[in-house]
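The values are calculated or read from the model by the stated rules, or taken from the named source; none is laboratory data. This structure is a prediction, so every number in the text was calculated from the model and none was measured. So basically every Cβ, Gly included, is an ideal-geometry build from the backbone, and we count neighbours across all protein chains shown.
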Amino acid sequence: MCNLRGELERILKLGNIKTVFQPIISLKSGNVFGYEALTRGPENSPLKSPEKLFSVAQSYNRLWELECLCRSKAIERGHKIHKNKFLFLNVDPYIFKDDKYKKGFTKEFLSKYNMSPESIIFEITERTCIKDYKSFKLALDNYLEEGYKIAIDDTGAGYSGLKMLSETKPHYIKIDMDLIRDIHKDLFKQHLISGLVSLSNSTNMKLIAEGIECEEELVKLIQLGVHAGQGYFLQRPSETLLDTNEEIKNIILNTYNQENSKLLNCSKISIGQIARRDKTFDLNRPCKDIKEYFDNTTYTGACIVNKDLPVGLVMSHSLNSIFATQYGLAVFLKRPISLIMNTSPLVVDYNTFVSDVSQVAMSRKDENVYDYIIITKNFKYYGVVTIKNLLEFTTALERNYAKELNPLTSLPGNVIIENKLKEVLELKRNSCILYFDIDNFKVYNDSYGFENGDKVLKLTANIIKNNLKIYFSNNNFLGHIGGDDFIAVVEGCYGDCVKLCEKVIKEFDEKILDYFDEEDKKNGFIEAIDRKGNKDTFDITSISIAGVLGMLNVFSKVNDIAKYVANMKKETKSLRYSNYRIKVLSNDDNYL
């Protein structure tokens with residue numbers, strides 16, 4: 001240990017550390033929105049590993065000196081960062097207990113390089129268990145007051161649990177890489193991250209996935225709605241401030257655009273698109289100014305800000321209630337609005353989906369359910385949305401969307417299906433289109449009546465829909481073309497598509513028998529009149545599935561896909577009983 005202590009002292013004296021930067025990339029635009037500064041010890045040193053370096057520094061009560069050195073080097077090396085991007089600096093909570101902890105140190109150093117505290121995000125690491133949250137929160141408040149933002153590192157591992165989130169209410173939540181590893185294969189992890197996404201949407205925090213190491217993990221995280229990510233697959237740490245690789249950017253843009261195409265569905269519309277740009281008031285404005293604002297306008301709410309950051313909300317009915325008390329006017333009229341404002345209003349990011357906002361807004365307490373919703377962009381005030389406008393907007397969109405649903409199965413109809421296929425043509429990703437057709441359905445309808453025929457259609461729709469959820473989770477689309485024809489669009493490998501088809505066929509063949517009488521089930525066929533008016537026998541109703549898998553942009557238009565799949569369907573239907581065929585596309589073939 002003596003040698004380690006001597007090595008530590010040499011490192012501190014000579015400033016002999018290396019700073020590298022790993023990009024944090026938006027999973028919506030594919031652009032870099034920040035860099036995490038990472039420290040490495042000297043090459044060929046026993047303290048090269050950052051974990052070992054910080055552990056030894058803590059052992060010899062030199063953590064603050066090491067933190068200062070790392071922070072100084074990171075700012076010195078990263079000061080050329082674009083003003084619209086953030087620099088993430090790691091902070092060990094242990095330093096707040098250090099007697100040498102100095103308020104204002106970072107701000108002084110930032111001014112030397114003409115950087116603003118608003119460009120810095122302090123990333124609280126999980127190396128130390130926090131036992132005194134009260135003192136820890138006071139230290140964090142100091143950072144927040146100076147304009148810095150907070151991120152919690154390694155959420156889901158070590159000490160970075162729900163208590164940490166609850167106590168700190170950070171701007172960013174960094175999800176530990178163990179929860180990200182193989183997430184595309186793990187439904188439990190997917191549901192867990194979905195829950196965190198819902199939490200972040202309703203609390204205006206943003207999720208960052210750490211340790212992304214393959215394309216499948218990246219795609220799944222985009223589909224789940226995670227805000228940003230970092231990892232070796234996106235970009236490795238470097239001594240320079242690297243931008244996003246074009247290939248990675250294309251993957252992100254294509255996946256995000258696919259997931260968020262606005263197919264008349266309000267769940268894919270951002271709340272910021274319907275925000276109203278109302279006037280704001282500083283938290284030190286006297287209450288009388290806000291009263292005059294309400295008296296002279298039709299507005300019933302006002303957002304209270306501190307340096308463009310929303311800190312509260314005042315509704316006219318709440319203000320009038322306070323003034324209506326015996327001494328309300330005398331006590332509060334000339335005093336700051338901060339004394340009576342709601343300090344915990346609903347604040348959501350511009351890009352949050354309308355459907356998510358609606359769900360959160362309607363789950364508020366009864367006395368707050370009609371309060372304004374405050375919208376932010378890059379954490380700063382952008383506008384407000386009233387509950388009246390929110391309900392009118394969602395009702396109109398849902399009404400338009402409902403017009404395009406099949407009335408029997410409630411699945412998307414031809415307009416939405418066509419839009420989906422157009423979207424698939426524009427994407428440079430492997431997709432699979434599966435066409436489902438019920439065999440001998442007309443014969444069944446004629447023999448058992450349209451009411452029973454409708455039941456078979458609903459059965460088929462439910463079988464396909466439920467199995468799509470099993471094999472393709474959230475990444476699937478199912479439409480009802482009309483009659484006994486259905487179409488699905490999924491993104492996955494050939495093996496998963498085969499498993500889906502086999503499971504649909506197995507379940508259909510088992511359950512369809514419940515819709516036949518005992519004699520027909522025993523015979524295995526129906527006696528009916530064919531299209532030429534002759535009596536004939538027809539097999540028990542079965543299902544045929546025709547699919548194409550690959551880069552669907554080999555087709556030039558939607559009609560080309562429809563014709564190709566229709567021909568495959570004919571081939572499949574010519575086979576007896578339930579069957580499937582999936583064609584893997586090749587760029588060398590002509591599909592026109």
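Name the single residue that is modelled with the lowest pLDDT among those in the range 157-178 being part of a loop (DSSP other than H, G, I, E, B) and not hydroxyl-bearing (Ser, Thr, Tyr). Please lay out each step first, then the result.
Of all residues in the range 157-178, those part of a loop (DSSP other than H, G, I, E, B) come to 157-161, 169-171, 176.
In the following step, the residues that additionally are not hydroxyl-bearing (Ser, Thr, Tyr) were identified as 157-158, 161, 169-171, 176.
Working: Ala157: 63, Gly158: 58, Gly161: 66, Lys169: 82, Pro170: 87, His171: 90, Asp176: 89.
Of everything passing the filter in the range 157-178, Gly158 is modelled with the lowest pLDDT.
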| request: For the range 299-315, state whether one or more residues are surrounded by fewer than 16 Cβ atoms within 10 Å (Cβ to Cβ), touching an Asp or Glu at 6+ places or on another chain (Cβ under 8 Å) and under 26 Å from Phe472 (Cα atoms). | output: no
| message | Being at pLDDT below 90, assigned to a helix (DSSP H, G or I) and surrounded by 18 or more Cβ atoms within 10 Å (Cβ to Cβ): is that true of Leu8 here? | response | yes
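Only one residue in Glu126, Glu108 is in a helix (DSSP H, G or I) and modelled with pLDDT under 85. Which one?
Details: Glu126 fails: in a helix (DSSP H, G or I).
Selected residue: Glu108, the only one of Glu126, Glu108 that is in a helix (DSSP H, G or I) and modelled with pLDDT under 85.
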| Quick one: which of Ser363, Ser358 is surrounded by fewer than 16 Cβ atoms within 10 Å (Cβ to Cβ), at pLDDT below 90 and within 24 Å of the chain's Cα centre (by Cα)? | Ser363
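For residues that are touching a residue at least 24 places away in the same chain (Cβ under 8 Å) and surrounded by fewer than 20 Cβ atoms within 10 Å (Cβ to Cβ), tally how many sit in the range 531-549.
Filtering the range 531-549 for residues touching a residue at least 24 places away in the same chain (Cβ under 8 Å) gives 538-549.
Next, only the ones that are surrounded by fewer than 20 Cβ atoms within 10 Å (Cβ to Cβ) stay: 538-539.
Number satisfying all stated conditions: 2.
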| note | Scanning the range 350-368 residue by residue, those under 15 Å from Ala275 (Cβ atoms) and β-branched (Val, Ile, Thr) turn out to be Thr352, Val354, Val357
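Looking at Lys455, Lys469, Lys422 in this structure, which one is in a helix (DSSP H, G or I), assigned by TED's automatic domain parsing to the domain that holds Ser542, without any contact (Cβ under 8 Å) to a residue 60 or more places away in the chain and surrounded by fewer than 17 Cβ atoms within 10 Å (Cβ to Cβ)?
Numbers: Lys455 fails: without any contact (Cβ under 8 Å) to a residue 60 or more places away in the chain; Lys422 fails: without any contact (Cβ under 8 Å) to a residue 60 or more places away in the chain.
Answer to the selection: Lys469.
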| query | Has the range 553-565 got at least one residue that is of a type outside the set (Lys, Arg) and at positive phi? | reply | no
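Out of everything in the range 39-64 that is crowded, with 19+ Cβ neighbours inside 10 Å and within 16 Å of Thr19 (Cα to Cα), what residue ends up being modelled with the lowest pLDDT? Break it down stepwise before answering.
Of the range 39-64, the ones crowded, with 19+ Cβ neighbours inside 10 Å are 39, 41, 47, 53-54, 56-57, 62-64.
Retained after the next criterion (residues that are within 16 Å of Thr19 (Cα to Cα)): 39, 41, 47, 53-54.
Numbers: Thr39: 90, Gly41: 89, Leu47: 89, Leu53: 89, Phe54: 86.
Step by step, filter the range 39-64, then rank; the result is Phe54.
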| remark: The condition from (1) over 26 Å from Ser363 (Cα atoms); (2) touching an Asp or Glu at 6+ places or on another chain (Cβ under 9 Å); (3) of a type outside the set (S, T, N, Q) that Leu187 misses is numbered (2)
| Selected residue (only one of Ile561, Ile545 is among the aliphatic types (A, V, I, L, M) and not in a helix (DSSP H, G or I)) | Ile545
| In the range 196-210, residue modelled with the highest pLDDT [restricted to those that are assigned to a loop (DSSP other than H, G, I, E, B) and crowded, with 20+ Cβ neighbours inside 10 Å] | Glu210
| message | The conditions are (1) in a loop (DSSP other than H, G, I, E, B); (2) surrounded by fewer than 19 Cβ atoms within 10 Å (Cβ to Cβ); (3) modelled with pLDDT under 80, and Lys80 fails exactly one of them. Which is it? | response | (3)
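Residues checked against (1) surrounded by fewer than 16 Cβ atoms within 10 Å (Cβ to Cβ); (2) of a type outside the set (S, T, N, Q); (3) touching a Cys at 6+ places or on another chain (Cβ under 8 Å):
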residue	(1), (2), (3)
Gly492	no, yes, yes
Leu500	no, yes, no
Val504	no, yes, no
Lys511	yes, yes, no
Asp517	yes, yes, no
Asn523	yes, no, no
Ile526	no, yes, no
Ile529	yes, yes, no
| query | Got a sec? Which of Lys499, Lys511, Lys521, Lys503 is farther than 18 Å from Leu434 by Cα, under 38 Å from the mean Cα position of the chain (by Cα) and among the basic types (Lys, Arg)? | reply | Lys511
